[in-house]
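Any read-out appearing in this document is the output of simple, stated calculations on the displayed coordinates, not a laboratory observation. Quick caveat, the model's predicted, so the values are computed rather than measured. Counting neighbours? That spans all protein chains shown, and the Cβs are built from the backbone with ideal geometry, glycine included.
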Amino acid sequence: MRSDAMLEVQNLKMHFPVYGGFFRRVVGHVKAVDGVNLFICPGETLGLVGESGCGKTTTGRCIIRAYKPLDGQILYRRADGSVVDLAPLDDQSLRPYHREIRLIFQDPYSSLNPRMPVVDLVGEPLKVNKIATGKELEDRVAELLRRVGLRPEYMKRYPHAFSGGERQRIGIARALSLNPRLVICDEAVSALDVSVRAQILNLLEDLQAEFNLTYLFIAHDLSVVEYICDRVAVMYVGKLVELASTDELFAQPQHPYTEALLSAVPQPDPLIRDQKQRIVLGGEVPDPANPPSGCYFHPRCRYSDGARCMNETPALRETTPLHFVACHYAEKLSLRGVIAPRILA
Amino acid sequence: MLNDRKQVEREAGGPAVPNNSRSTEEARVLVASQWLLMWRKFRKHRLAMVGGTITIVVYLVVLFAEFLAPFPSNAFSSQHTYAPPQPLHLFDRTAEGLRFSPYVNGYSITINQAALKREFVVDKASKVPVRLFVHGTPYKLLGLFDADLHLIGPSVYDEDPTRIIIPMYLLGADRLGRDVLSRTIYGTRISMTLGLVGVALSFVIGLTLGGVSGFYGGWVDNTIQRVIELLRSIPTIPLWMGLAAALPSDWTPLQVFLGITILLSLIGWTGLARVVRGRFLALRTEDFILSARLDGNSTARTIRVHMIPAFASHIIASLTLAIPSMILSETALSFLGLGLRPPIVSWGVLLKEAQNIRAVATAPWLLLPGIAVIITVLALNFLGDGLRDAADPYGR
């Protein structure tokens with residue numbers, strides 16, 4: 001494990017069986033996550049981006065061990081420096097880690113039990129883990145609600161009394177209630193209105209600074225990722241294709257898929273927008289149950305050589321320091337990034 | 001949950017100050033628990049409210065059958081076989097004018113020598129006084145308190161509780177001169193209890209097997225579902241007939257009653273098991289269940305605190321809808337002579353009296369217990385419908 005990392009995922013695999021036929025036999029596997037390697041350093045925000053169905057959420061859920069991965073290691077460094085592999089643990093031995101690694105859900109509607117008032121929702125982790133009860137619990141909940149920008153007087157209300165943004169705040173309060181170290185934000189702002197989204201992103205940043213949190217930020221919106229993430233990992237059909245710092249990835253992508261993704265980011269400035277060329281990928285996203293040979297991206301890649309790319313699966317390698325790419329020609333290609341508006345401003 | 005609700009009502013239910021009544025009302029909705037929201041939704045369902053009221057009335061009849069029935073269920077009068085109903089007159093025309101003094105007209109009995117048949121004609125001249133809250137045949141109220149008060153009855157009772165000396169057949173008499181009204185009231189007790197007990201029993205089986213099926217899935221689920229399909233594919237009446245025939249004939253009426261209940265629920269659980277399984281399957285993939293698991297909840301606590309409240313309302317609705325089918329099954333079985341047997345009085349047993357054409361032609365009032373069945377089954381169905389509609393107050 002890297003000495004600077006808090007969490008390192010090595011060769012993570014998660015395959016879901018596909019049943020078919022009269023006897024419901026396994027006829028194949030959806031390779032939702034197929035050999036993912038990444039690491040997260042303390043205090044940083046790592047973005048995980050990709051198209052729908054590329055395995056982002058599955059990766060997140062494997063790390064938090066909602067799923068038991070098929071293969072690979074999830075190395076986690078505790079506050080005292082000891083390292084554990086979360087992958088093979090059972091539910092019972094995972095409990096202490098579930099307190100340190102928390103999940104914020106995408107859908108603020110389905111992730112809150114509609115039959116519980118806020119005080120129970122936010123206080124449940126505290127109650128279940130026997131951290132606080134009674135008056136103390138209510139005080140803790142009130143404090144948490146205040147911290148995420150909700151009025152503590154509302155704690156007797158039920159989720160149906162809140163808007164989407166407020167519900168997401170409840171979800172955040174719930175995730176924070178156990179003083180976690182690592183928070184996995186699974187599309188935490190995707191279901192929200194743009195104006196509310198900005199508020200929640202700012203809240204997440206403030207909380208990160210205040211509680212020294214580490215985020216794994218799963219998203220498909222590149223502008224959100226660019227805003228909040230320190231480093232970005234790009235996924236394509238269950239594999240990581242590129243991992244670099246946000247500025248570098250946006251300015252100088254080294255994988256053709258990243259280049260195509262970046263070209264699809266809407267550009268608000270009309271002057272820049274006119275200069276921009278969109279790269280439209282041909283074909284469809286491959287079926288993760290039956291991925292292409294060699295480099296999974298080669299059928300849609302405009303730089304494919306038609307030989308090596310078709311036969312040899314490229315490994316994720318470090319081309320320049322801390323810039324990881326899975327492409328045979330990463331050094332030879334000169335790809336276009338986007339001029340980060342942050343630099344312009 | 002019930003405590004929650006009470007608490008909510010206590011907190012929010014105080015007298016609303018007129019100028020902020022709107023905000024009070026709003027606040028009430030915001031802190032309203034599931035059950036309170038359900039009640040609000042249910043209240044808007046007119047037919048269900050009517051059904052619910054009738055159901056409550058029917059169960060009150062079950063509790064206070066002895067008080068409501070003028071006669072014991074086995075009281076007979078050999079002189080009044082197949083006596084027709086005597087209309088109840090509430091007001092008596094006397095010298096001083098119209099007075100409240102309920103009475104029924106007596107019968108004049110002639111014997112048709114050709115047919116050797118007793119013929120009853122309601123005799124307008126004779127008046128049998130009827131009293132409200134009359135002291136009649138003694139009984140034990142709710143099985144606990146000695147009482148002899150009857151809501152309505154003739155002014156005179158015989159010493160022998162099994163005799164009717166003064167005829168007061170508001171809904172007519174059967175072939176032994178027993179009061180159809182009293183027997184229908186006593187029949188309510190057996191039929192409704194059997195429905196409840198049967199549903200409770202099938203609920204236990206259904207919840208267990210359906211829960212196991214939905215929670216564990218896989219081959220367990222497959223096996224249970226195939227068993228359910230098999231059970232459902234067997235025609236019910238022949239199956240019941242076979243099983244009922246297997247009940248020993250020397251059993252006491254109570255044993256027969258329990259036997260029939262078990263028999264009905266052995267088939268009745270399948271529907272409930274499916275409902276429970278469906279809810280479990282739907283809930284298993286919900287984010288808030290995953291979230292509860294990640295919070296450190298044990299499986300047992302997740303089921304108890306998060307899953308059961310989420311489908312309890314649906315289960316209650318299904319249970320309500322299952323009671324009428326139990327009642328109908330019992331009625332059908334007893335009508336065929338395979339279910340309950342006299343001296344137990346149930347609606348099915350009463351309807352068996354009306355099995356032959358002669359009885360129906362000469363004494364159509366013997367079919368009146370059938371109307372009780374129809375009203376009760378309809379009321380329970382409407383109630384169940386309303387509950388089902390209100391079961392998910394968060395439906396978007």
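Among B:114-126, B:239-251, A:231-243, B:369-381, sorting by the average number of other beta carbon atoms lying within 10 angstrom of each residue, highest first, gives A:231-243, B:369-381, B:239-251, B:114-126. Listed cross-link partners A:K68/A:K156; A:K127/B:K41; A:K13/A:K127; A:K156/B:K41; A:K56/A:K156 are compared with a 24 Å cut-off, the Cα-Cα value being larger for A:K68/A:K156; A:K127/B:K41; A:K13/A:K127; A:K56/A:K156. Using all pairs of distinct alpha-carbon atoms, the Kirkwood hydrodynamic radius of the protein assembly as shown works out to 31.9 angstrom.
Calculated FRET efficiency, B:R232 to A:S52, Cβ-Cβ distance, R0 = 35 Å: about 0.30 to the nearest 0.05. Note on A:D85 and B:M49: their simple-model spin labels are 6.6 nm apart, each label 7 Å out from Cα toward Cβ. Ranked by the mean number of other Cβ atoms within 10 Å of their residues, highest first, the peptides A:280-292, A:6-18 come out as A:6-18, A:280-292. For a label point 7 Å from the Cα of A:R95 along Cα→C-beta, name the residues of the stretch B:295-317 whose backbone N is under 18 Å from it. Within reach of a label on A:R95, which here means backbone N under 18 Å from a point 7 Å along Cα→Cβ, the stretch B:295-317 contributes B:295-306.
Place a +1 charge on the Cβ of each Lys and Arg in chain B and a -1 charge on the Cβ of each Asp and Glu, then give the dipole magnitude about the Cα centre in debye, rounded to the nearest 20. Could you put the intermediate results ahead of the total?
On the way: 37 positive and 28 negative charges, 142 e Å.
I would put it at about 680 debye.
Computed over the alpha-carbon pairs of the stretch A:53-165, the distance histogram in 5 Å steps reads 2, 10, 16, 18, 16, 15, 12, 7, 2, 0 percent, short to long. Cross-link reach is defined here as a Cα-Cα straight distance under 12 Å, omitting same-chain residues fewer than 8 places apart; for B:K117 none of the aspartates and glutamates meet it. In this rough spin-label picture, where each label sits 7 Å from Cα along the Cβ direction, the B:I56-B:D158 distance is 4.0 nm. Using only DSSP helix segments of four residues or longer, with each worth -39500 (n - 2.57), what per-residue ellipticity at 222 nm results for chain B after dividing by its residue count and rounding to 500? Taking each H run of at least 4 residues, the total per residue is -18500 deg cm²/dmol. The C-alpha atoms of chain A define a longest principal axis, and helix A:91-100 lies at about 90 degrees to it. For chain B, modelled as a GNM whose springs connect Cα atoms under 10 angstrom apart, the maximal fluctuation among B:I357, B:I56, B:I315 occurs at B:I357.
Sorted largest first, the spans of the alpha carbon positions of chain A along the three principal axes are 68, 57, 46 Å.
May I ask for the distance between the Cα centers of the stretch A:185-213 and the stretch A:15-51, given as a whole number of Å? Distance between centres, Cα-based: 25 Å. Semi-axes of the equivalent ellipsoid for the stretch B:70-178, computed as √(5λ) from the eigenvalues of its C-alpha gyration tensor and ordered from largest down, come to 25, 22, 9 Å.
If you count the DSSP beta bridges with both ends in the protein assembly as shown, what percent of them are antiparallel, to the nearest 5?
Details: 56 of 74 bridges.
Approximately 75 percent, going by the DSSP bridge assignments.
Legend: mean number of C-beta atoms from other chains within 10 angstrom of residue C-beta atoms, peptide B:300-312, equals 2. Considered as an equivalent ellipsoid built on the Cα gyration tensor, the stretch A:242-293 has semi-axes of 25, 16, 8 Å, the largest given first.
Between the stretch B:311-332 and the stretch B:50-114, the alpha-carbon centres lie 32 Å apart. Distance from the alpha carbon centroid of the stretch A:310-331 to that of the stretch A:66-120 works out to 31 angstrom.
Once you sort the root eigenvalues of the Cα gyration tensor of the stretch A:1-126 as a ≥ b ≥ c, which label holds: rounded (a/c under 1.5), prolate (a/b larger than b/c) or oblate (the other case)? Oblate shape, in that a/c is at least 1.5 and b/c is the bigger or equal ratio. Relative intensity of the stretch A:290-343 on a log10 scale, I(q)/I(0) at q = 0.17 Å⁻¹, equals -0.62, per a Debye sum over C-alpha point scatterers of equal strength in the absence of solvent. For A:E248 and A:E284, a Förster radius of 25 Å and the Cβ-Cβ distance give a FRET efficiency of 0.25, rounded to the nearest 0.05. Length available on full extension from B:R93 to B:I374: 0.36 nm per residue minus the Cα-Cα distance, which gives 97.5 nm. Taken over the stretch B:184-390, the convex hull of the Cα atoms encloses 133 Å³ per residue.
Take the Cα of A:A307, step 7 Å toward its Cβ, do the same at A:R24, and the gap between the two points is 5.0 nm.
Take the Cα pairs of the stretch B:136-247, get the Kirkwood Rh, then feed it into Stokes-Einstein at 4 °C and 1.567 mPa s and tell me D in µm²/s. Write down the numbers at each step before the final one.
Working: Rh = 18.9 Å.
The Stokes-Einstein estimate is 69 µm²/s.
Could you work out the mean projected area of the convex hull around the alpha carbons of chain B, in square nanometres to one decimal? Mind showing how you got there, number by number?
On the way: hull surface 113.9 nm².
Mean orientational projected area (chain B, Cα hull): 28.5 nm².
With a Förster radius of 56 Å applied to the beta-carbon distance between A:E136 and B:I357, the computed FRET efficiency rounds to 0.10. Each peptide in A:255-263, B:168-176 was scored by the mean count of other Cβ atoms within 10 Å over its residues; highest first, the order is A:255-263, B:168-176.
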